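Here, each number is a calculation from the coordinates, and none is a lab measurement. These numbers come from a predicted model, not from an experiment. Virtual Cβ from ideal backbone geometry, glycine too; neighbours counted across all protein chains shown.
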Amino acid sequence: MNLLRCLALALYLVCPTLAQADALHDRFQDMDTNHDGRLDPREHAAAAQAMFKQLDADLDGSVSVDEMRLARQAMDEPASPGQVRQAIAAMDDNGDGQVDADEHRAMAQARFARADANHDGVVTEAEMRQAPGPAAS
Ligand SMILES: [Ca+2]
Ligand SMILES: [Ca+2]
Ligand SMILES: [Ca+2]
């Protein structure tokens, strides 16, 4: 292993916040499909839709507690069943214990509006850094 790689790895291990900031940067770049450094509502909605498809492992159009829990594990953000149920309950408008595409879209829109701190209709990377909670889950 060359020295630089080794140093970078060591830095990642001792400095998780740095790794987190980097993950956020990568995620922002992924969502910013026209690469203008700002997320517009369409880009954000597309990212949220892609995320929903990933979550809905059995493709029945809803995300169950189990699906959400497995997805969090896969993303290296493990959560207890209780935490997952809470997260789902927060989005579950019709109270069926699952999150469907409409419910997920509504949550993503609300999250985008919250992240847009200066209310100019787009979210910059700096705004996303300040925003509460994960960006497009
Ligand atoms: Ca499902
Ligand atoms: Ca529901
Ligand atoms: Ca903004």
Next item on the list: Find how much the distance from Asn118 to Asp102 grows on full extension, using 0.36 nm per residue of separation minus their present alpha carbon separation; answer in nm with one decimal.
Entry: 3.1 nm
Next item on the list: Sort Leu55, Leu70, Leu39 so the one with the fewest other Cβ atoms within 10 Å of its own Cβ comes first.
Entry: Leu70, Leu55, Leu39
